[in-house]
Amino acid sequence: MKCIYCGEELREGILYCPKCGNKVQIVPDYSIYEDDYLKQVLTEENPQSAPVQPDTGAEIKSEAKQPDTKKNKKMQRKIILAVAGVIFVLVFSLVILGAAIRSNHSNSVDYQISQAEKAAKAGNYEKAVSYYENALTLDKNNMSVRLALAELYEKTGDEDAALVLYQEVMRADKKNRRACEHLIAIYDKTDNISAILSLSQAVDAGLKDLFSDYQVTAPQFSLKEGTFTEAQILQILSIDRDEIYYTMDGTDPEVNGILYSQPIKLEENNRQYEIKAVCKNNKGVYSDTITGKYKISFSAPDIPIVTPDGGDFGVETTVTITVPEGCYAYYTWDGSTPNRGSSRYTSPITVPEGNNILSVVLIDSKTNLSSDVYKGNFVYYSEDLDSNEEPEEEETIEE
């Protein structure tokens, strides 16, 4: 088929001439009218080949056919133009219909989604992304498209773009488990634990189970807070057997913490201990910090009880000292203040002869605190002395 304007040979199916740019006019290759006309022309140009007609009236018949030939030519032109018009209308209609279909598809969210799903299934992720982006442009509030597009971004390595879409979904729907799972995975991959913990506070309660690996139970103290009159042993416990870090001066255990390995002794007198502790799991997530305040204020032993409490004695007499549990008693007979280097009381002691000052002190074996010093005047002279011999007067030692 050739172009009716320039004569260029045309390929089948094209709508415009590649040479002159005019629309292709399709003309039927065969027409019964053209066939009759061709036969007539050949007969006129080559009368010898025409059938022999009787001489009578031949010229009249030939003359009579001339008007019909002109009429046929006009008819041919009309038919050709009509056919061309019909073909043009059909082609134009097809072009308009195709444009309408393409326009309809480009404005159809469902069509874009279906094409994206087909492309993704075929492994053509880039094409699928393009279709989903078109769908999202048409329907900006479509959460399903956002999720599907975010997942494709992840597959193509664009995690930043995926993160933005997942965050948008969670802001719009705090119950969206699918988006929440993907956000946790991305944050965990980048060790952004703080973002995971923030997310756990923002989502619906129905999604809290997704954060079980990031929710660490705080430790527990074995002692209640308070003031103690003797040394204490403090244990710190973790229900989930996580690592425990603690401080004893009130500072942050996440920063300055000591790894807990054994019970803590609280034994310094008159000290206010402020213990802070946290648990840390294998993902490096810390629990809430707990605080315990303990004051150690040891009481010194009371002044010793001595029986008898001094006096004059004519016979040998023994002295008993009451020693409380956990204490030791130390004494002297010369009035000096006893200490750990002095005689230790273990059983009743005999009052020596003469005018004596007994000094006794109690020392707590745990706290090393000493009681006040007991002092008593014990005078002992044997009755066997010569009654005529008066003892020398001795100066009484006051306490």
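By the equivalent-ellipsoid construction on the alpha carbon gyration tensor, the stretch 273-317 comes out with semi-axes of 60, 10, 4 Å, ordered largest to smallest. Near residue 371: Cβ cut-off under 9 Å, other residues only, Lys/Arg at +1 and Asp/Glu at -1. The net charge is -3.
Here's how it looks for residue 356: its modeled amide H is under 5 Å from those of 378, 379, 380, which are all 5 or more places away or on a different chain.
Taking amide H atoms as placed 1.01 Å from N in the peptide plane, the amide H of residue 327 lies under 5 Å from those of 365, each 5 or more residues away in sequence or on another chain. A DSSP coil position with no more than 14 other Cβ atoms inside 10 Å describes the following trypsin sites (Lys or Arg not before Pro) in the stretch 280-322: 283.
Counting every C-alpha pair in the stretch 120-191, the share spaced more than 18 angstrom apart comes to 35%. Per-residue Karplus couplings for the stretch 78-92, computed as 6.51 cos²θ - 1.76 cosθ + 1.60 with θ equal to phi - 60°, are listed in order as 4, 5, 4, 4, 5, 4, 4, x, 4, 5, 4, 4, 5, 4, 4 Hz, Gly and Pro entered as x.
Residue by residue, the stretch 262-273 carries 3J(HN,Hα) couplings of 8, x, 9, 8, 10, 9, 7, 5, 6, 10, 9, 8 Hz when phi is fed to the Karplus relation 6.51 cos²θ - 1.76 cosθ + 1.60 (θ = phi - 60°); x denotes Gly or Pro. Using θ = phi - 60° in the Karplus curve 6.51 cos²θ - 1.76 cosθ + 1.60, the 3J(HN,Hα) couplings for the stretch 300-313 round to 6, x, 5, 4, x, 9, 10, 10, x, 8, x, x, 9, 9 Hz; x is entered for Gly and Pro. For the stretch 124-244, the alpha carbon convex hull comes to 125 Å³ per residue, rounded to a whole number.
Each reported figure results from applying straightforward, stated rules to the coordinates on display, with no laboratory input. Model, not experiment: these values are computed from the prediction. Glycine also receives a Cβ, built like all others from the backbone with ideal geometry; neighbour counts cover every protein chain displayed.
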